[in-house]
């Protein structure tokens with residue numbers, strides 16, 4: 001097949017991302033969203049939902065390790081009960097299960113078709129996580145699921161981007177984050193991905209999410225890392241039910257050595273130091289830190 005260009009959905013005002021592709025492996029419109037898996041020229045296989053890149057083979061470890069491990073390592077006691085909200089590729093579940101302490105990790109995704117398609121076409125993303133006896137895969141709306149059940153030590157929110165219409169539109173609100181707070185056990189921690197970490201995009205997602213979390217949690221740490229397949233720096237927010245100390249690089253490396261069972265590809269203490277020290281214009285746009 002002649003190479004073709006896949007453009008994003010154009011929902012970002014004034015900007016558009018185009019990715020050159022070799023072939024299309026899978027495409028279907030589920031009752032929830034359009035699901036598309038393609039082979040790209042630069043990034044390998046990639047998952048798109050409603051026209052937006054969700055993860056790509058070449059740098060998915062960079063994204064998913066940055067998403068999962070800062071929160072879980074900040075838990076004062078090694079987390080035992082973990083929830084992954086979204087994350088249908090299975091990679092956040094894979095990363096959560098690296099922690100020796102985890103007894104139950106529940107992945108809650110609203111679209112079973114995404115889980116099935118990624119299991120077939122992107123099996124390296126989950127890397128056997130679905131067959132781990134500690135894993136539980138739940139088809140449900142995270143907004144409803146989070147409102148009841150056993151207390152959680154960590155909540156990992158790998159949802160579609162804030163500021164967009166779609167299945168995750170109601171999962172970036174103060175009401176939803178309040179439900180997360182109520183579900184967290186003492187010492188519980190969480191993280192949410194927030195889209196582009198660029199000053200001109202702050203009002204679109206990163207800023208409102210940080211503000212909502214600062215109104216509910218005593219520890220809120222925004223951070224970012226460059227993800228090439230996402231065409232720029234990507235934002236995340238670590239939060240905790242209690243005021244916990246923010247780990248420095250050596251303390252992060254120490255907890256990695258003691259808590260994580262297998263080697264990481266992209267995340268370590270030095271990377272954490274880099275991620276949490278935001279460029280001054282971005283830090284000023286997000287406002288004073290909490291915690």
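Below is a table of values for the structure above.
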item	result
Odd one out for residue 19, checked against (1) touching a helix residue (DSSP H, G or I) at 6+ places or on another chain (Cβ under 8 Å); (2) modelled with pLDDT of 95 or more	(2)
Counted residues, the stretch 113-123 - those being touching a strand residue (DSSP E or B) at 6+ places or on another chain (Cβ under 9 Å) and exposed (fewer than 15 other Cβ atoms within 10 Å of the Cβ)	1
Number of the exception - residue 69 against (1) over 16 Å from the mean Cα position of the chain (by Cα); (2) assigned by TED's automatic domain parsing to the domain that holds residue 184; (3) not in a loop (DSSP other than H, G, I, E, B)	(1)
Which listed residue, of 35, 28, is surrounded by 20 or more Cβ atoms within 10 Å (Cβ to Cβ) and more than 16 Å from residue 4 (Cβ to Cβ)	35
Criterion violated by residue 53 - all others in (1) crowded, with 17+ Cβ neighbours inside 10 Å; (2) closer than 24 Å to residue 271 by Cα; (3) at pLDDT 95 or above satisfied	(3)
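Residue by residue, here is whether (1) within 14 Å of the chain's Cα centre (by Cα); (2) at pLDDT 90 or above holds:
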site	(1), (2)
181	no, yes
187	no, yes
191	yes, yes
202	no, no
206	yes, yes
209	yes, yes
212	no, yes
216	no, yes
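The values are calculated or read from the model by the stated rules, or taken from the named source; none is laboratory data. Just so we're clear, the structure is a prediction, and the values are computed from it rather than from any experiment. As a convention, Cβ positions derive from the backbone with ideal geometry for all residues, glycine included, and neighbour counts pool all protein chains shown.
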